[in-house]
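Heads up, the thing below is written out as structure tokens.
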Amino acid sequence: MTHTPREIVVTVALGLPAVLGAGIFAGFAPAAGLAGWWLLPALAISAVAALCSAFSTADQSRAYPDVGGGYGYVRAQLGVWPARMAASVHLLGRFAMAAAVALMFGAYVVPDQPVIGALVLLAGTALLGLSGFRFDTGVSVFVSLVVLGALALVIASAFSIAPVSSAGETGSVNELVGVAGLMLMAFTGFERITAPHRGERPHSPAVLKIAIPVLIGLSFVVSLAVGAGVLRQLGSARLALSPAPLRDALIAADASALVSFVQIAAAVAGVAALHFVLLSAHRTLTGLAEDGDLPTRLKPSVLTLAVVAGSALAIVFMPMATALGVAACATLFYYAFTNASARLLLQNDRTWPMRTACLGLGLSVLLAMSMPIPALLISLVGLGAGTGLIGLTASLRGSLKGKRAESRQRTPQAR
């Protein structure tokens, strides 16, 4: 199938608003605290893991066009219980990711009350989604231009003025792999183009074959430039303590007049990324309900309320660094399941070699298990508790359904 450069550009533009979120606006602070300047090479490892996972989701979306996202792919290829495990970590990762994006918004736009600002953004974005609003091509291009323009100002300012000598450096090369897992947050969101929602026009394999590497590559280049700029201006020790690294880098570079542009970009990026995160979690809950792992009569509005409630709890109880860590760790476990199921696809369903899914599986497990201990423990507990709860719900539904059927059979006999 032929494709045009315009189709590729449009596809990349659709994906950018979902990718440019909390990772690039806030992720450098906890990463610098762990690895210092080593966070820059760690970005390359994150990009490879994201690229392999993007290939896997794109192939599975083409093989199962009517299935509800990664949960459905895993269920079709690996079975019921692996799918429930994948759904558990996916929902935990999305709730934590929603918290990270919303708290990023609060730190930049409402620095005096970041949690209140985060909750307001969550409520507003949820209402926006319920109204039927979608980020089409025009809106996505606008968001991409605003965010990339603000990031370009930060990069130019950070490298145009010599930094004040740093009070000290933090981090160690020993944390390189763990930080690579954390910085996956700079690339998540590619499913906006690799696994479109029902009713959306899927992108052709020929377009995705170019658009996916371009999207991940562009995110890598931008993240690398922004990370190097804020590290140069703030130093790793000061960066590690910053709730809003891009804003503080502008202030350190004597460019305070540009802070408002970064705040606008953070607000626009926050709405766009959070919209995608909430929609992604909603799709997983919908898939669980359709397959009988949740009550099948739940209305979409009830599922939306459940997503908002889970995200709100994460905002209240998880600080920014914890939310970023849990979001990255749980998402890596989810991509481990996704890559594992992609390995089983038939050759005719593949655009990329099976080796990419194998590499994605290995990297996802390695990076997840190298994450900071609190994030790893929360993710493992969420995996176990979520899987058990889903299994219990499905078992109770099956038991009630059997009793009702038995009752219907007895009623005619009694008459």
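The values are calculated or read from the model by the stated rules, or taken from the named source; none is laboratory data. The shown structure was predicted, so the numbers you read here are calculated from the model rather than taken from an experiment. With ideal geometry, Cβ positions are generated from the backbone for all residues, glycine too; neighbour counts draw on all protein chains shown.
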Return the only residue of SER260, SER242 being without any contact (Cβ under 8 Å) to a residue 12 or more places away in the chain and not aliphatic (A, V, I, L, M). SER260
When you look at GLY360, is it touching a Pro at 6+ places or on another chain (Cβ under 6 Å), of a type in the set (Gly, Ala, Ser) and either surrounded by 24 or more Cβ atoms within 10 Å (Cβ to Cβ) or at positive phi (or both), yes or no? no
May I ask you to list the residues in the stretch 225-249 that are modelled with pLDDT of 95 or more and either hydroxyl-bearing (Ser, Thr, Tyr) or over 11 Å from PHE28 (Cβ atoms) (or both)? ALA225, ARG247
Scan the stretch 370-396 residue by residue and report those that are farther than 15 Å from GLY93 by Cβ and aliphatic (A, V, I, L, M). ILE373, LEU389, ILE390, LEU392, ALA394, LEU396
If you go through the stretch 298-317 one residue at a time, do you hit one that is more than 17 Å from the chain's Cα centre (by Cα) and in a loop (DSSP other than H, G, I, E, B)? yes
Would you check if there is a residue in the stretch 338-348 being farther than 18 Å from VAL74 by Cβ and of a type outside the set (Asp, Glu)? yes
Among the listed residues ALA22, ALA63, which satisfies the condition of being touching an Asp or Glu at 6+ places or on another chain (Cβ under 7 Å), of a type in the set (A, V, I, L, M, F, W, C) and modelled with pLDDT under 90? ALA63
Failed condition for ILE161, given (1) modelled with pLDDT under 95; (2) under 19 Å from the mean Cα position of the chain (by Cα): (2)
Within the stretch 66-81, tally of residues that are within 26 Å of ILE210 (Cβ to Cβ) and modelled with pLDDT under 85: 4
Condition (residue is crowded, with 19+ Cβ neighbours inside 10 Å, in contact (Cβ under 8 Å) with a residue 60 or more places away in the chain and assigned to a helix (DSSP H, G or I)) applied to the stretch 287-297: is it met by at least one residue? yes
Report yes if some residue within the stretch 105-116 is part of a helix (DSSP H, G or I), surrounded by fewer than 19 Cβ atoms within 10 Å (Cβ to Cβ), at negative phi and not aliphatic (A, V, I, L, M); otherwise report no. no
Any idea how many residues of the stretch 321-335 are surrounded by fewer than 24 Cβ atoms within 10 Å (Cβ to Cβ) and among the aliphatic types (A, V, I, L, M)? 1
Please verify whether the stretch 60-67 includes one or more residues that are out of contact with any Cys (no Cβ under 7 Å at 6 or more places or on another chain) and surrounded by 23 or more Cβ atoms within 10 Å (Cβ to Cβ). yes
Within the stretch 220-265, work out how many residues are assigned to a loop (DSSP other than H, G, I, E, B) and surrounded by 24 or more Cβ atoms within 10 Å (Cβ to Cβ). 2
Kindly list, by first and then second residue, each pair from a residue in the stretch 65-90 that is under 10 Å from LEU288 (Cα atoms) and touching a residue at least 60 places away in the same chain (Cβ under 8 Å) to a residue that is in a helix (DSSP H, G or I) and acidic (Asp, Glu), limited to pairs with Cβ atoms under 8 Å and residues at least 6 apart or on different chains. GLY68/GLU290
So, first residue surrounded by 24 or more Cβ atoms within 10 Å (Cβ to Cβ) in the stretch 16-29, second residue among the basic types (Lys, Arg), Cβ within less than 9 Å, six or more apart or across chains; the pairs are LEU16/ARG192; PRO17/ARG192; ALA18/ARG192; VAL19/ARG192
Matching option when the condition is among the polar types (S, T, N, Q) and without any contact (Cβ under 8 Å) to a residue 40 or more places away in the chain, among ASN339, ASN348: ASN348
Does ALA126 count as under 30 Å from SER379 (Cα atoms), touching a Ser or Thr at 6+ places or on another chain (Cβ under 9 Å) and not charged (D, E, K, R)? yes
